[in-house]
Amino acid sequence: MIYFDNAATTFPKPEVVYEAMKNFMSHIGANPGRSAHKLSLNAARVVFETRDAIAEIFNVPDSKQIVFTSNATESLNLGIQGLLSEGDHVITTSMEHNSVMRPLRYLEGSRGIQITVVNCSSEGELDLDSLRSSIRGDTKLIVINHASNVIGTILPIEEIGNISKDIPFMVDAAQTAGAYPIDVERSNIDLLAFTGHKGLLGPTGSGGLYIREGLDLKPLKFGGTGSNSEREEQPDLFPDKYESGTLNTVGIAGLGAAVKFIMERGVDRIRSHEVDLTKRMLSGLGDIEGVTIYGTRDADKQTATVSINIDGLEPSQVGYLLDREFDIMTRVGLHCSPAAHKTIGMLPKGTIRLGMGYFNTADQVDFALNAIHRIVRKGVK
Amino acid sequence: MSVKRCTVILYSIHNVLKAEKVLKKANVHFDLIPVPRGLSSDCGMAVEFNHADIKMVHDTLVGVDLDIAGIYLNEDRNYKKLI
């Protein structure tokens, strides 16, 4: 079996993730921050240590500025809906996932926000001058994805962060966190939305948002936090203000173990392995006539996500053959990103997405290349 | 004569655990306790330590930018605010 759907969620996870989750469920289990007994304290320590580890991996100065959410979508909604008010102007790109586009379109209807979508090239690259010239006096937010979930193209967040020093800058790191170095200080990031279950190698249902100190967001939800319990108003403390309700503690336990696993190996080493796989894949695909590759075709400019099409075949047919005949799992279709598909010229057909990850090998890439070659030669059965 | 004890009140469980981390590193002896009745509490836990270590505790917590709600001297369960 070859799992090439890591852009949707990474699989497998490191063994330490399973162990940490089992240990939490079997031996800790309690609700963090709600009681003073040993198990509640131990649960709170797990949450604290995970928060600290995440702060370290993104170079966040103070870990209390990391807020746990259930996924990058919730983090993006918290940032976008928490920051933008009636009539505000926001800039984004034509490569965004619906997790950015849908909250923006919702606020366009409900709060009358004005959206400038900066067009990217068909390879997914952003022209920084176009971005610069889109900035207005009333621009309240620039929100962009760090890398496309469709074709993997990486956007230059450091350069964008330098353009937008006075305007809050939000990065959707769903496709890069854990697999590509991110430094919120160096890139002037004010809001970093990440999920735990992709490059960070943790479980689904875990994720978070870094909120720069001093940035005031309205919470998405209100309720019990274990702090200021005598008051009926939401506390104004980080991270409690944004973490109403019991956290996904077992998921956070797994995420903490995953982040430590990554830090022991180093994000740079993980990135280097994924670049090698991507180079091999791009080079092999380039030799197969009848295969169209989308994106920059440069492994250094993209994540380990490679999108293709095969002449004369629908993506769904190719995905089906790869799965049933060769035991290779990919994702086919539109990948929740109609804007990106339009930008690369593949709406509504979509693509076949080969989402490689840290646990894939060069042999698996070679096997997949051979499978694609055979599908091209034989066509559909 | 029994050793005089102090209690530091912090604003959140995150800050209590951050205090735990830095005080351990500074080799201070302390306990995490439920916030004593009568003390205004922003979270359910507090840090208790020997009065002799008050400067060390204060400086360690301030040194990592932890906001302190108050440090109290425990006089037979009457709490006198020191800081």
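The values are calculated or read from the model by the stated rules, or taken from the named source; none is laboratory data. If you're wondering where the values come from, they're calculated on a predicted model, not measured in any experiment. Note that each Cβ is placed from the backbone with ideal geometry, even for glycine, and that neighbours are counted across all protein chains shown. When the accessible area is computed, the model is the full protein with side chains, heavy atoms only, and any ligands, DNA or RNA have been set aside. Shrake-Rupley method; radii C 1.70, N 1.55, O 1.52, S 1.80 Å.
In the range A:1-159, Cα pairs under 8 Å separated by at least six residues give a relative contact order of 16 percent. In chain A, a dipole from Cβ-located charges (positive for Lys and Arg, negative for Asp and Glu) runs towards its positive end, and of A:Leu313, A:Met263, A:Ser229 it is A:Leu313 whose Cα lies farthest in that direction. Placing R0 at 35 angstrom, the Cβ-Cβ distance between B:Val3 and A:Leu39 gives a FRET efficiency of 0.75 after rounding to 0.05. Counting only protein heavy atoms and a probe of 1.4 Å, the accessible surface of the protein assembly as shown is 48% carbon and sulfur.
Peptide A:46-56 shows a mean partner chain C-beta count of 2 within 10 Å per residue C-beta. Once the Cα-Cα distance is subtracted from the 0.36 nm per residue extended length, the A:Glu15 to A:Thr246 segment shows a gain of 80.6 nm.
Counting other Cβ atoms within 10 Å, keep those with at most 16, restrict to DSSP loop, and tell me which trypsin sites (Lys or Arg not before Pro) in the range A:8-117 are left.
Counting only loop positions with at most 16 other Cβ atoms within 10 Å, the trypsin sites (Lys or Arg not before Pro) in the range A:8-117 are A:Arg111.
Counting heavy atoms of the protein chains alone, A:Asp298 has an accessible area of about 50 Å² for a 1.4 Å probe. Note on B:Lys21: lysines with a C-alpha under 21 Å away, same-chain residues under 8 apart excluded, are A:Lys38, A:Lys64, A:Lys260, B:Lys55.
Interface of A with B. Using a 1.4 Å probe and counting protein heavy atoms only, the two chains hide about 1300 Å² of accessible surface, both sides summed. The alpha-carbon atoms of the range B:5-81 define a convex hull whose volume equals 75 cubic angstrom per residue.
For the range A:222-237, 3J(HN,Hα) computed residue by residue from phi via the Karplus equation (6.51, -1.76, 1.60; θ = phi - 60°) reads 10, x, x, 10, x, 10, 6, 5, 7, 9, 8, 8, 4, x, 9, 9 Hz, glycine and proline entered as x. Can you give the longest stretch of chain B with no exposed loop site, where a site means trypsin sites (Lys or Arg not before Pro) in a DSSP loop (not H, G, I, E or B) with at most 10 other C-beta atoms within 10 Å? Result for the longest clean stretch: B:38-76. Distance between the pseudo-spin-label points of B:Asp31 and A:Arg111 (7 Å out from Cα toward the beta carbon): 4.8 nm. Axis angle, to the nearest 10 degrees, between helix A:98-110 and the longest C-alpha principal axis of chain A: 60 degrees. Note on B:44-56: average number of Cβ atoms from other chains within 10 Å of each residue's Cβ is 1. On a 29 Å Cα-Cα criterion, which of the cross-link pairs A:Lys198/A:Lys342; A:Lys13/A:Lys378; A:Lys198/A:Lys349 come out too long? Violating the 29 Å Cα-Cα cut-off are A:Lys13/A:Lys378. Surface analysis of the range B:5-81 yields an accessible area of 50 Å² per residue, using protein heavy atoms and a 1.4 Å probe. The HN-Hα couplings worked out from phi for the range A:201-218 by the Karplus form 6.51 cos²θ - 1.76 cosθ + 1.60 (θ = phi - 60°) are 6, x, x, 5, x, 10, x, x, 9, 8, 10, 4, 4, x, 8, 9, 10, 6 Hz, whole numbers, x standing for Gly and Pro.
Rounded to the nearest whole Å³, what is the per residue volume of the convex hull around the Cα atoms of chain A?
That works out to 131 Å³ per residue.
Counting Cβ atoms of other protein chains within 10 Å of each Cβ in B:4-15 and taking the mean gives 5. Taken along the Cα-to-beta-carbon direction at a fixed 7 Å, the label points for A:Glu232 and A:Ile135 span 4.5 nm. Site pair A:Thr361 and B:Ser40 shows an inter-label distance of 6.3 nm when each label is modelled 7 Å from Cα along Cα→Cβ. Measuring against 31 Å, Cα to Cα, the residue pairs A:Lys241/B:Lys24; A:Lys301/B:Lys18; B:Lys24/B:Lys80 contain A:Lys301/B:Lys18 as the ones spanning a longer distance. For A:Gly87, the shell of other residues with beta-carbons less than 10 Å away shows a net charge of -1, using +1 for Lys and Arg and -1 for Asp and Glu. Our coupling estimate for the range A:138-153, obtained by passing each phi through the Karplus curve with A = 6.51, B = -1.76, C = 1.60 and θ = phi - 60°, is 9, 6, 9, 7, 10, 10, 9, 7, 5, 9, 5, 7, 8, 10, x, 4 Hz, Gly and Pro reported as x.
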